[in-house]
């Protein structure tokens, strides 16, 4: 692992050093790309850990979704009560050291552009790199999504997204409206409801699934997201495409306490609460938006990859018609196990393309 600039002309630049970026880096080494000269990994964070280092302190290994092993090094987390924001970054840091991966940080990529000689110029706050191919592995954590509702700017209480959440204790004595139908919403409802009153609102009624997703259910969910990205639509989450929420022990506890009795989505926000067109009103001191994320791909805008449906049309791990631009951790690979598989698939394809320049397709 390195923080020095290193070689500025490489075969591949990997952007992001979370699960997707590290699994891709490992795979590139095993496909014959030399660390530092054949490829580099540029990471915007100050330390290893990807998005995990920014998760709320109460998120433990026992309450999070499973942390899948990175390739080549099993994750041995120990006790379930360990903070995920400590245990997973420590694992990532060990992984970078163990395989001597060429991670440069903090490097914030501002833009990726084409060059006149059919390469890519990666512009950052630490200078520029030139590459024959790009693997974008920036995930979603830096792009929290908050939908717009009438009156939102008039609300006198506090509004925050899950990225800003730290502890339920800060909401004691205040009524909290939690917006969102995903796993983060249900977990945070369970926590916050132990110290204060809550209201849960979602766009559609929750559907509970007992136990974790099995392989068949997982494949069906991934297939739905793959269909979306093949058509150039914005990729959704597993809950978004299946409508299913996993019933975990903390969810069952919240259900038994009556916390997860949802209301339909409100129609407007007032100075002191949320309201519906049928006259219903809920007073609120806090609105917590557990409304998900969007893919962090703004730095790719100069490449003009988005289609008419607002998403990036994909063929496997690469952009349709752009075999040297891979998005790992995007769409169907936006999970720990999915990122591992996609990183290895991208590395194999790039080896076939870049090891024989005569086979390298030119982009328009």
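Give the dimensionless ratio obtained when the Cα radius of gyration of the stretch 31-186 is divided by 2.2 N^0.38 Å.
The value comes to 1.31.
How do 30-37, 81-88 rank on mean C-beta neighbours within 10 Å, highest first?
81-88, 30-37
So for each of 145-158, 341-354 I average, over its residues, the number of other beta carbons within 10 Å; can you give me the resulting order with the highest mean first?
Output ranking for 145-158, 341-354: 341-354, 145-158.
What length, rounded to one decimal in nm, is gained on full extension from residue 306 through to residue 282, with 0.36 nm per residue of separation minus their alpha-carbon distance? Mind dumping the intermediate values first?
Numbers: separation 24, 0.36 × 24 = 8.64 nm, distance 3.94 nm.
Value of the extension gain: 4.7 nm.
Relative contact order for the stretch 12-129: what is it in percent, counting Cα pairs under 8 Å that are at least 6 residues apart?
With pairs under 8 Å counted, the relative contact order is 29 percent.
Using 0.36 nm per residue, how much length does the chain from residue 204 to residue 76 gain when fully extended, once their Cα-Cα distance is taken away?
Extra length available between residue 204 and residue 76 comes to 42.3 nm.
Here, each number is a calculation from the coordinates, and none is a lab measurement. Just so we're clear, the structure is a prediction, and the values are computed from it rather than from any experiment. Quick reminder, even Gly has a Cβ in these numbers, built from the backbone with ideal geometry, and neighbours come from all protein chains shown.
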